[in-house]
1. Would you check which residues across the stretch 148-170 are closer than 30 Å to G214 by Cα and over 43 Å from the mean Cα position of the chain (by Cα) and list them?
2. Do you know which residues across the stretch 171-192 are under 47 Å from the mean Cα position of the chain (by Cα), of a type outside the set (D, E) and not in a loop (DSSP other than H, G, I, E, B)?
3. Select, from V195, V213, the only residue that is surrounded by 15 or more Cβ atoms within 10 Å (Cβ to Cβ), at pLDDT 90 or above, aliphatic (A, V, I, L, M) and assigned to a strand (DSSP E or B).
4. Which condition number in (1) loosely packed, with under 10 Cβ neighbours inside 10 Å; (2) in contact with a Pro (Cβ under 9 Å, 6 or more places away or on another chain) is the one that E168 fails?
Amino acid sequence: MAQDINKDKEFADSENEGNVSNEEVKNEEKSQENESVENKEVEKEVEEQKSDKKEKKEKKKKKSKSDEIEELGAKLQEITDKYMRLSAEFDNYRKRTLKEKMELTKSAGEKILLNILPVIDNFERALNSMNENTNAESMKEGVDLIYKNFTDFVGQNGVKEIEAINKEFDTDVHEAITKIPAPSEDMKGKIIDCVEKGYYLNDKVIRYAKVVVGE
């Protein structure tokens, strides 16, 4: 009977140990489960933080691009306004210059005609004098006076005679119409006679001198 009691006790102890072991296993599993939940929560929190950072970064990037586009738009508008102002100013300058040029041409022609009128007056006086006076000397003096007045007038307007007689032949200002034997050795290649005078206008040749060259 004592043996039976011992066996019952051993069974009871064994059962108690089994119960304790099962309880520990349950507690361990529960602990692991809690730890897994905590880990998942931590991972979720970390993912949320990463997501927030990424979202903030993207927002910042979008804002930066938006600011850049806005800045470029403002610069483009500024450049466009400046171009429009310059274009308007240039158009006004062009119109003003064209008007001034037309007025200058008109006034220059008027000035030339006004200054040539005294020459016409002198011609009329000379013609009247020829009808009343038969003195050749006085008529010659009158013609000389008219010629001098006219040459002074053209000289005042920038017209100057091209030198020709006894000068070296120069194709830039002279036009040879013929060549003749030179009267002396030193006249070879020089101008012996001028058939038609040439003229400059403000240092520009407006008519070449037609000359005879010695050879």
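1. T151, E163, A164, I165, N166, K167, E168, F169 - these are the residues of the stretch 148-170 that are closer than 30 Å to G214 by Cα and over 43 Å from the mean Cα position of the chain (by Cα).
2. So in the stretch 171-192, the residues under 47 Å from the mean Cα position of the chain (by Cα) come out as 171-175.
If we keep only those that are of a type outside the set (D, E) as well, we get 171, 173-174.
H174 - this is the single residue of the stretch 171-192 that is under 47 Å from the mean Cα position of the chain (by Cα), of a type outside the set (D, E) and not in a loop (DSSP other than H, G, I, E, B).
3. Working: V195 fails: surrounded by 15 or more Cβ atoms within 10 Å (Cβ to Cβ).
Going through V195, V213 in turn, the sole match is V213.
4. Among (1) loosely packed, with under 10 Cβ neighbours inside 10 Å; (2) in contact with a Pro (Cβ under 9 Å, 6 or more places away or on another chain), E168 violates only (2).
To keep it simple, each residue is scored yes or no on (1) within 27 Å of G158 (Cα to Cα); (2) more than 38 Å from the chain's Cα centre (by Cα); (3) surrounded by fewer than 10 Cβ atoms within 10 Å (Cβ to Cβ).
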residue: M84; (1), (2), (3): no, no, no
residue: E89; (1), (2), (3): no, no, no
residue: K99; (1), (2), (3): yes, no, no
residue: K106; (1), (2), (3): yes, no, no
residue: I112; (1), (2), (3): yes, yes, no
residue: D121; (1), (2), (3): yes, yes, no
residue: N128; (1), (2), (3): no, yes, no
residue: A136; (1), (2), (3): no, yes, yes
residue: M139; (1), (2), (3): no, yes, no
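The values are calculated or read from the model by the stated rules, or taken from the named source; none is laboratory data. Because the structure is predicted, anything quoted here is derived from the model rather than measured. Every residue, glycine as well, gets a Cβ built from its backbone with ideal geometry; the counts of neighbours run over all protein chains shown.
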